[in-house]
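One structure is given below, encoded as structure tokens.
The values are calculated or read from the model by the stated rules, or taken from the named source; none is laboratory data. Note that the structure is predicted; figures quoted are calculated from it, not measured. Cβ placement follows ideal geometry from the backbone for every residue including glycine, while neighbour counts extend to all protein chains displayed.
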Amino acid sequence: MPLFKWLCSLLAAAIIALPGILPAASQETHKRDTDPVVLMAAIEGPIGPATVRHVNRVIGIATERRAAALVLRMNTPGGLADAMREIISGVLASSVPVIGYVAPSGAHAASAGTYILYATHVAAMAPGTNLGAATPVQLDGLPGGTPGEDRQPRDKGKGGSEHPEGSDDESSETPPAQSRPPDAMAAKATNDAVALIRSLAEMHGRNADWAERAVREAASLSAQAARDENVIEIVAADVDALLAAADGRTVDVGGADWTLAVAGLPVEAVEMDAITRVLSVLSNPNVALILMMIGIYGLIFEFWNPGAVVPGVVGAISLVIGLYALNQLPLDYAGLALIGLGIAFMVVEALTPTFGILGIGGVVAFVVGASMLVDTDVPAYQISWWMIGTIAAVSAAVLILLLGFTMRAYRAAPVSGRARMIGAPARVLEWDRGTGFVWAEGERWHARGSDDLTAGQEAQVCGVDGLTLTVEATTKPQPDQGG
């Protein structure tokens, strides 16, 4: 009994103390969640749909955790324009200060990476890194209206003369800055890119003139030169040095001044989640094209041999995933239509041979369609010519040779089973009033047929009923040669 009273007292005390314990634990958990922290995420490799999802997710986490700052560590050659603009929109809309940091040493923020760095609230680089070369890819290699035309007026901005020595009067009458691009589309792309990067530079008080040079002339800068040119604010060897240098700076975040207090804070890296990693693989147009072709092959063979199930299931899943992956990229629907047309031509060639006309046309349509399937000049998001050639050769071999062989086998006479016996020749061995025995396909069979059949007469199998053949005469009965 004393033990029971002691247990009851202990339980009562625990119940009384529980309301006080739970809020304390909750406050401790909330305190841990709201402790000042700096989050860091990496932008590595070509910028595409997976990068957009990763950056937006990290900005959401930083906002939810009320992080002191978000560091985007960058090492990228550039990427898709639409993806770049989505990332810029996310950075500008962020309620948490975003620090762009080109690192580690040897890294670069080229093309789209330069725009993103200009969009961040604080721009920094590690020693031994570079940025720039932000010219729209479509203008590369174009004569006359390409990068070199705008160098002279930019030199003037640095204090040099308006024209170099030896320049003729004609060049002085038409300043290079006024030179016309070779076509209207190039001019629109360049001017749009210049307007974007200048607006980002003016928003954060950075060098807008050099930003324009990076677009028009594909200019690049090292880390130290970028700081000297007021393109970035900080050169730091590591993240700790970066946070120490950024501490105390006041930046405009969402229209309000924000004083950074980040020195000495813990830094947590946010990695890509599983879905984003899968998307990064699917964003490779070569992988997307392979999945789409597997899907098409699977569906073709499922329709050709209904009930196989596996080709249909694998094909349907692969085709949906492949089309989803292509939908994340700047897809050219004319290219997709040419691929479908090429496969259709090769299938028709396999089923109704046209002496190679449709087959060759199908291969040509497939190659042309695959080459223009992704509408971008970014090398990382172009389909490899080796991949196009390999898939075209495999498609031709599979769809022309294999399906053609299957069709010929389907049309050929059966070699076994009941169908094989129909039409087979037979010789009457014994016969009496419509029944008897015949020799067919190397075996003695019980048979039935007309009453006028006689032994030794040639016949033909016209039906099979279990182990009994139905035969009919093909020759007249042989005369009796005896006695």
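Among the helices (runs of 4 or more DSSP H) confined to the range 345-427, the ones with at least 1 residues that are modelled with pLDDT under 70 and among the small types (Gly, Ala, Ser) are located at 403-411, 418-421.
The residues listed here are 463, 482; of these, the one that is over 30 Å from residue 326 (Cβ atoms), in a loop (DSSP other than H, G, I, E, B) and either modelled with pLDDT under 85 or not assigned by TED's automatic domain parsing to the domain that holds residue 361 (or both) is 482.
From the list 97, 49, which one is in contact with a strand residue (DSSP E or B) (Cβ under 6 Å, 6 or more places away or on another chain), more than 16 Å from residue 226 (Cα to Cα) and assigned by TED's automatic domain parsing to the domain that holds residue 205?
Working: 49 fails: in contact with a strand residue (DSSP E or B) (Cβ under 6 Å, 6 or more places away or on another chain).
Testing whether each residue is in contact with a strand residue (DSSP E or B) (Cβ under 6 Å, 6 or more places away or on another chain), more than 16 Å from residue 226 (Cα to Cα) and assigned by TED's automatic domain parsing to the domain that holds residue 205 leaves just 97.
Residue-by-condition table, conditions (1) at pLDDT below 90; (2) farther than 21 Å from residue 277 by Cβ; (3) surrounded by fewer than 23 Cβ atoms within 10 Å (Cβ to Cβ):
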{"position": "22", "(1), (2), (3)": "yes, yes, yes"}
{"position": "36", "(1), (2), (3)": "yes, yes, yes"}
{"position": "49", "(1), (2), (3)": "yes, no, yes"}
{"position": "62", "(1), (2), (3)": "no, no, no"}
{"position": "79", "(1), (2), (3)": "yes, no, no"}
{"position": "95", "(1), (2), (3)": "no, yes, yes"}
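Within the range 292-309, residues that are assigned by TED's automatic domain parsing to the domain that holds residue 398 reach partners that are among the small types (Gly, Ala, Ser) and at pLDDT 80 or above with beta carbons closer than 6 Å, at six or more positions or on different chains, in the pairs 292/322; 294/318; 295/315; 295/318; 295/322; 298/315; 299/315; 302/312. Apart from one condition, residue 248 fits all of (1) closer than 17 Å to residue 36 by Cα; (2) surrounded by 13 or more Cβ atoms within 10 Å (Cβ to Cβ); (3) free of Cβ contacts under 8 Å to residues at least 24 places away in the same chain; the exception is (2).
Scanning the range 322-342 for residues that are buried (at least 21 other Cβ atoms within 10 Å of the Cβ) and at pLDDT 80 or above yields 322, 338, 339, 342. Filtering 269, 261, 288 for residues that are in the same structural domain as residue 319 (by TED's automatic domain parsing), hydrophobic (A, V, I, L, M, F, W, C) and at pLDDT 80 or above leaves a single hit, 288. Filtering the range 271-296 to residues that are assigned to a loop (DSSP other than H, G, I, E, B) and surrounded by fewer than 17 Cβ atoms within 10 Å (Cβ to Cβ) leaves 271, 273.
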